[in-house]
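**Q** The structure is given below, and queries will be raised subsequently.
The values are calculated or read from the model by the stated rules, or taken from the named source; none is laboratory data. Note that this is a predicted model, so its numbers are computed, not measured. Cβ coordinates were reconstructed from backbone atoms using ideal geometry, including for glycine residues, and neighbour counts include every protein chain displayed.
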Amino acid sequence: MEAMVRDGLRWLEGIEDGTLGTADLYILSQKMDPVLIHLIIKFLRKKYPSIKPEAAAVMARLVDLTSNYPEIVKHMKDAESDPFPSGLPIPIISGNSIRNLRKCLSSSWRNSRAET
C-alpha cells in the first residue's frame, strides 16, 4: 500500500512538474493500479484546462505518454468499469488542487499504516 501511494504521487508530480520522462512514467505505471492512473489523469485534465497557459506543458506530457504508450489508454478504459482501486480507498476530492489529491493519497497511506 505504501509503495502504491508513493508511486502515485511520484507519477503525478512527474507529469505535472516534468521531473520524469515518458519512458520512466510508463515503467512506473506498470506497478500502479489502473484506477489510480485514471484518477490522476482525470485530475490533471480538470486542473489544467486548455485555456490556462500552464496547461500546455502538462498536456504535452500526457499526449506524449499516451501516444507512445497506448497501454496507458487501455488501462484508463479498463479502470472506468472499476470504481475503486484495489486496496486503495479514494475519498471524494473537492476542488482542483494538487494539495487535495496529495492529502487524499497521504490519508489513505496513513490509514493503511494504522491497519498494520
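**Q** Picking from Ser94, Ser81, Ser50, which residue would you name as being exposed (fewer than 14 other Cβ atoms within 10 Å of the Cβ), over 18 Å from Val5 (Cα atoms), out of contact with any Asp or Glu (no Cβ under 6 Å at 6 or more places or on another chain) and modelled with pLDDT under 60? Full working, then the answer.
**A** Details: Ser81 fails: modelled with pLDDT under 60; Ser50 fails: modelled with pLDDT under 60.
Within the list Ser94, Ser81, Ser50, the selection yields Ser94.
**Q** In the stretch 4-33, how many are outside any helix (DSSP H, G or I), among the hydrophobic types (A, V, I, L, M, F, W, C) and either in contact (Cβ under 8 Å) with a residue 40 or more places away in the chain or at positive phi (or both)?
**A** Residues of the stretch 4-33 outside any helix (DSSP H, G or I): 18-21, 30-33.
When the remaining residues are screened for being among the hydrophobic types (A, V, I, L, M, F, W, C), the result is 20, 32.
Of the ones still in play, those that are also either in contact (Cβ under 8 Å) with a residue 40 or more places away in the chain or at positive phi (or both) are none.
Total meeting the criteria: 0.
**Q** I'd like to check something: does the stretch 34-43 contain any residue that is out of contact with any Pro (no Cβ under 7 Å at 6 or more places or on another chain), free of Cβ contacts under 8 Å to residues at least 12 places away in the same chain and either β-branched (Val, Ile, Thr) or not in a helix (DSSP H, G or I) (or both)? Talk me through it step by step, then tell me what you get.
**A** From the stretch 34-43, those out of contact with any Pro (no Cβ under 7 Å at 6 or more places or on another chain) are 34, 37-43; that's our starting set.
Filter again for free of Cβ contacts under 8 Å to residues at least 12 places away in the same chain, leaving 42.
Then keep just the ones that are either β-branched (Val, Ile, Thr) or not in a helix (DSSP H, G or I) (or both); that gives none.
Checked against the condition, which is being out of contact with any Pro (no Cβ under 7 Å at 6 or more places or on another chain), free of Cβ contacts under 8 Å to residues at least 12 places away in the same chain and either β-branched (Val, Ile, Thr) or not in a helix (DSSP H, G or I) (or both), the stretch 34-43 yields no hits at all.
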